[in-house]
Protein chains: 2
Amino acid sequence: VDSYEVRAIGRVESPLTDLADAPRQGDEGGPEATLVFDDAVATALADLRPGDDVLLLTWLDRADREVLVVHPRDDPDRPRTGVFSTRSSHRPNPIGLHRVTILAVDGTRVRVSDLEAIDGTPILDVKPVIGPER
Amino acid sequence: VDSYEVRAIGRVESPLTDLADAPRQGDEGGPEATLVFDDAVATALADLRPGDDVLLLTWLDRADREVLVVHPRDDPDRPRTGVFSTRSSHRPNPIGLHRVTILAVDGTRVRVSDLEAIDGTPILDVKPVIGPER
């Protein structure tokens, strides 16, 4: 198997500390949080502005990478479903994808809305949302 | 720096073979391609169906991870911009994000539309699109 190394470029600071409070990607809502980036990537984020809608990629470090099938939303009444058809955090490469709006930027600290990620979650990337569906 | 290992779970088969033909994420269009998954993840993709819109995550293995600032779309007339405000493939963690529609599924071979990724690109994950903007 070919593998590659991803590196944390920062961490999420969030009031969410319990996995049960933020178990799923793709849900609506979530609290405000702060993205605390490493100084090494300061120039990469220098053009982020309040009001920007961005896609935040994280590493879901508490996920179980061996899980391939789940009951969606942990609901036993829903039929078991292959993880690539769900937003379960449990998947072979547990990369979280979160759409957030930037509220404020203070150096390498970026305040965002509606982030369902627990405190300390490693940050991998930020990308602009392009078009209504990206 | 904390780092994590991502593993290729399959590869893109595409008529695109030249980086110059597919330099950027987030553009419109692109040819049809086939996602060839490893047998080990067959159950994870068993619920993908033709017509599903999904987000494909790839590893852009030709990217330069040291680049933090680019001219968007390689256009020297555009001002240099931090990569987190662009879809440049060059970024600290070069994870590609592609929205595609599934055209056909044949075992672990999944045919998709409009994929701007070159032949052989490693696949990391597939997620459903949730809502019009995710």
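The values are calculated or read from the model by the stated rules, or taken from the named source; none is laboratory data. This one's a predicted model, so the numbers in the text were calculated from it and none came from an experiment. With ideal geometry, Cβ positions are generated from the backbone for all residues, glycine too; neighbour counts draw on all protein chains shown.
Tell me, please, whether a residue that is closer than 28 Å to A:Asp52 by Cα, in contact with a strand residue (DSSP E or B) (Cβ under 8 Å, 6 or more places away or on another chain) and at pLDDT below 95 can be found in the range B:49-60. No, because not a single residue in the range B:49-60 is closer than 28 Å to A:Asp52 by Cα, in contact with a strand residue (DSSP E or B) (Cβ under 8 Å, 6 or more places away or on another chain) and at pLDDT below 95. Name the single residue, out of those in the range A:83-107 being among the hydroxyl-bearing types (Ser, Thr, Tyr) and buried (at least 21 other Cβ atoms within 10 Å of the Cβ), that is nearest to B:Asp39 (Cα to Cα). If we take residues in the range A:83-107 being among the hydroxyl-bearing types (Ser, Thr, Tyr) and buried (at least 21 other Cβ atoms within 10 Å of the Cβ), then A:Ser85 is nearest to B:Asp39 (Cα to Cα). The residue list B:Val12, B:Val110, B:Val6, B:Val70 contains one member that is crowded, with 19+ Cβ neighbours inside 10 Å, without any contact (Cβ under 8 Å) to a residue 40 or more places away in the chain and among the aliphatic types (A, V, I, L, M), which is B:Val70.
Scanning the range A:68-97 for residues that are at the interface with another protein chain (Cβ under 9 Å from one of its Cβ atoms) and either within 16 Å of A:Ile118 (Cβ to Cβ) or aliphatic (A, V, I, L, M) (or both) yields A:Leu68, A:Val69, A:Val83, A:Arg87, A:Pro94, A:Ile95, A:Leu97.
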